[in-house]
Amino acid sequence: MEVIALGLMKRMKARSEIGRRGVFYRKSFIWLLLTAAIPGMITGLCLYWFGVGHMEDDLSELHQSQMKERVQNIDDQLSYLEMDLSHWAFSPRFGYSLKDMDFVYQFQEARDISKSLLVMQGSHPLIQDVELYINREEPVVFKTEHYRVYDPAMLTHYQQLLQDKRSVYWLEHLDEAEAQEDSVEDVVISTAETPLTLVHKVPGDSSQPFGALVVTLNREKLVNLLKTMTPYNEGLTFLLNAGGETILSDDPAASELVDELKSRLAGSSAEEGAFRLGRGGVMYSVSYGKLSRLDKEWTYVSASPMNAITSPVLALSKLIVAISLASLVIGLILSWLASRRMYDPMERLLRKLNPGSLAGHKRMDEFQYIEALWQDTAAESSELQAKLSDQQPMLRNGFLLQLLYGHLLSYSERELRERMARYGWQTGGHRFGFMHIRLTGLDGHAGEVTENDESLFTFAASNIAEELAEERFEQFHVMNFHNLALGLFVILPDRGQAIEGSNMPRMRELAEDITSAINKLLKLQAAITISKPLDEVKRLTATFMELERASSFRQFVNQNQILMLDALDERELLPEVQYPFQTELEIIQAMRCGDASSIDRLLHAFMDELLAGDGLEVHVQQGMLQLLASLQHMMLEAGVNPSKLFGCMNAFEELSRIRDSDKLLRWMKNYIIAPYLLERETRAGVQQKQVIDRTIVYIHEHYGNDISLESCGDHVGMSSYALSKLFKSVTGVNFIDYLTELRIGNAKELLLTTNLRINDVAEQVGYQQRYFNRIFKKLVGTTPSEYREAGGAAK
């Protein structure tokens, strides 16, 4: 009995030890999970409560700082427009001589006025239309051409513009002048959907003006300019007049948000400021201020949603808390299941194994697991580092693109250098340089060139630049702009290494090597512009704009050119420009005559004359833009609408993008001259048929008289020679043959249906009897008498 009791006590002790080990394991695992989950929960809650608030404050401050720069840009654009219009209003072209001028008799003056208005329209990107109204006994309006005003409503509108006491002023909508005389109930005008108009009376120096220049702004482009005030490319921006009405809005459908912002601003006495507005679960950063324009005081309002940036933080904080809680719950379940699966089999094995040996096996398994886990983590870290190294060039390229195009202006110099350090660049004690490379001469390349070929040539040039730069600099980056242009960003080793100087500096040597390689391998030329040395990377944005502007001072020919930015002197590069007026007149005359061969020859001569001067790109482009304006004016005089002819293409904008002389000439031929010549030929065919129809009608009415080719030519306003050729080409027979067949056919009818004498029949169809008998017998085969006898018998 004692032996049995002793055995039962040992078994109970072993079972109790197993139970204590299971409870200890569960408690240890629970404490481990709590230790891991609680920091995550605290982090998520801190992000939720504190991070979002600070982020919204920082975003509001950033929004307000960016708004000042972009509002200044809009103010500068409108100021330039006002100054340009004042300059034109004081021009002698719009002086006192216009009041009594006969525009029909003095058509040359009328042509010059139309050309001036067309140049004004293309001089500023915001201008949509320019009109000139002249108030006199027979009022006249110039748009692309002049015409008299007969519409009473239109006449009243223009006269009310002149009746305004102000000499220059803004109209917030075209009905503003009429609305000032109407009652409040009648003035229900949606100004947000109508364009802005700037009016300047002419002559500008007169106390009694008799006309007005009316400039209508392009609403779509003005809205796009207004959208730059929203830093996140989302939200709402609008302008208010002094009465609180909406002048312009980039989202007219958001009327409820506009009304709420108006009511909020109505209770504020500050002229500018910022606040946050929560609406519909979206938090907006709102900035507002004043925009002074001549006699107007406008208020700009920009509301940008911050949820696009703060929502990921909110979602992340919630996700961290959710994962922490889920991990805790799952850990509790797993600890209970694991303790049962681990210790229940041990209870059955206690009869064969002692607890000490079991603990030893358990510790060995845990050590092996931890070692395997450490090896897996090290492998994943190495793989992640390799992927990051592969993506580093793309990260650098994206950073530089944002920097060049001004998207990082809000960052300080220290923050920019910290970001560069994260991308693997060493910037301490270094200077920076930039090289802009443009490929030219592609149009003279063998074979037809497509847009894909341009991308391939640019890619090949970027590889060449990268290989050559690697030989001279340790830190650099090549940027492919994909439009026959690329950039090279260089970090110089130390401040003592300058970009410029004597003894062939390294940047210039590199530019010459790149030029030589492109000439040899790609058979192209290169125009390279090199910046000044920069002590601050933040100045790279302004330097890039200067490089693009300086590239326009290159010679507009397909040859290698290297420009050092610090060596350029604009005063020396802008000599007196001689415009080829005579060649322009010859081109216009050839266009009117439809002489394609002469047009091609004169167009090349026009380009040669422009290049024979200083040959700068900026001057050549301005000359071609002036020629384009003259050609469009000629088309309008000929009754051809350039907008319809060109398919609503903005020809001035397309031309200004071309950087190659051969490509510019080909574009002018294909997109300007060829469509006009085709339209001219089409119209000429219809007009020629109408002339022949009038001639045939005249022949049928007067064939019994002494009619001739000369008399028909006088009737239709053509020479006898031109009418003869045109008659043959349209009808297929000569004029005299057609007249003879008509006369003989009517003579046959008279011989068979009347009893007139042969002499009378001949006289009625326009012949003398002797000549009539000879012609009749030649064509019919019998004399008129025989024909009558045979016809009478047959009848």
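Throughout, read-outs are computed from the coordinates displayed, never taken from laboratory work. All of these numbers come straight from a predicted model, not from anything done at the bench. Ideal geometry is used to build each Cβ from the backbone, glycine not excepted, and the neighbour counts take in all protein chains shown.
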Problem - Peptides 727-737, 631-641 ordered by average Cβ neighbours within 10 Å, highest first - result: 631-641, 727-737
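Can you tell me the FRET efficiency between D662 and S292 if r is taken as the Cβ-Cβ distance and R0 is 41 Å, rounded to the nearest 0.05?
Computed FRET efficiency for D662 and S292: 0.30.
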Practice task
Output ³J(HN,Hα) for region 516-523: one whole-Hz value per residue in order, computed from phi by the Karplus curve 6.51 cos²θ - 1.76 cosθ + 1.60 with θ = phi - 60°, and x for Gly and Pro.
Solution key: 4, 5, 5, 4, 7, 8, 9, 6
Practice task
Can you tell me which of 421-428, 393-400 comes out highest on packing, and rank the rest after it, using the mean Cβ neighbours within 10 Å?
Solution key: 393-400, 421-428
Exercise for the section: For region 631-645, just list the computed ³J(HN,Hα) in residue order, Karplus coefficients 6.51, -1.76 and 1.60, θ = phi - 60°, integers in Hz, with x standing in for Gly and Pro. Expected result: 5, 5, 5, 4, 5, 5, 5, 7, x, 9, 7, x, 4, 5, 5
Exercise for the section: Give me the distance between the Cα centres of region 656-696 and region 724-795, rounded to whole Å. Expected result: 45
Handout entry: Spin-label model distance (nm) - I736 vs L162, 7 Å beyond Cα toward Cβ
Key = 6.2
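Here are some pairs, K728/K748; K143/K201; K221/K290; which of them have Cα atoms lying more than 19 Å apart in this structure? Walk me through the intermediate numbers first.
Details: K728/K748 25 Å; K143/K201 16 Å; K221/K290 21 Å.
Among K728/K748; K143/K201; K221/K290, the Cα-Cα distance tops 19 Å for K728/K748; K221/K290.
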Completion exercise
The simple spin-label model distance between R592 and D75, using points 7 Å out along Cα→Cβ, in nm, is 5.0
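To the nearest 0.05, how large is the calculated FRET efficiency for Y698 and T782 if R₀ is 45 Å and r is the Cβ-Cβ distance? Intermediate results must be reported in sequence, preceding the final value.
On the way: r = 31 Å, r/R0 = 0.69.
The value I calculate is 0.90.
Can you figure out the FRET efficiency of R757 with D102, using R₀ = 51 Å and their beta-carbon distance, to the nearest 0.05? Mind showing how you got there, number by number?
Details: r = 61 Å, r/R0 = 1.19.
Efficiency computed from Cβ-Cβ geometry: 0.25.
Please sort 120-126, 644-650 by packing, taking for each peptide the average over its residues of neighbouring beta carbons within 10 angstrom, highest first.
Values: 120-126: 17.4, 644-650: 12.3.
The packing order, highest mean first, is 120-126, 644-650.
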Practice task
Quick one: which residues, 5+ away or cross-chain, put their amide H under 5 Å from the amide H of L291? H built at 1.01 Å from N.
Solution key: W298, T299, Y300
Practice task
Compare the Cα positions of S729, Q768, P784 along the charge dipole of region 725-795 (+1 at Cβ of Lys, Arg; -1 at Cβ of Asp, Glu; about the Cα centre) and return the one farthest towards the positive end.
Solution key: S729
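Semi-axes of region 200-264's equivalent ellipsoid from the Cα gyration tensor, sqrt of 5 times each eigenvalue, largest first, rounded to whole Å? List each step's numbers first, then the result.
Details: eigenvalues 221, 48, 16 Å².
Three semi-axes, in Å: 33, 15, 9.
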Exercise for the section: Mind checking the full-extension length gain between E454 and R136? Use 0.36 nm per residue of separation minus the Cα-Cα distance, one decimal, nm. Expected result: 108.8 nm
Exercise for the section: Step through the residues of region 88-102 one at a time and calculate ³J(HN,Hα) from phi using the Karplus curve (6.51 cos²θ - 1.76 cosθ + 1.60, θ = phi - 60°), rounding each to whole Hz and writing x for Gly and Pro. Expected result: 5, 5, 8, 6, x, 4, 10, x, 5, 5, 5, 5, 10, 6, 8
Handout entry: Cα-projected label distance for A253 with N641, points at 7 Å along beta-carbon direction, nm
Key = 3.0
Fill in the blank from the handout: Measuring from its Cα centre, region 74-132 shows a charge dipole (+1 at each Lys and Arg Cβ, -1 at each Asp and Glu Cβ) which, in debye to the nearest 20, is 240
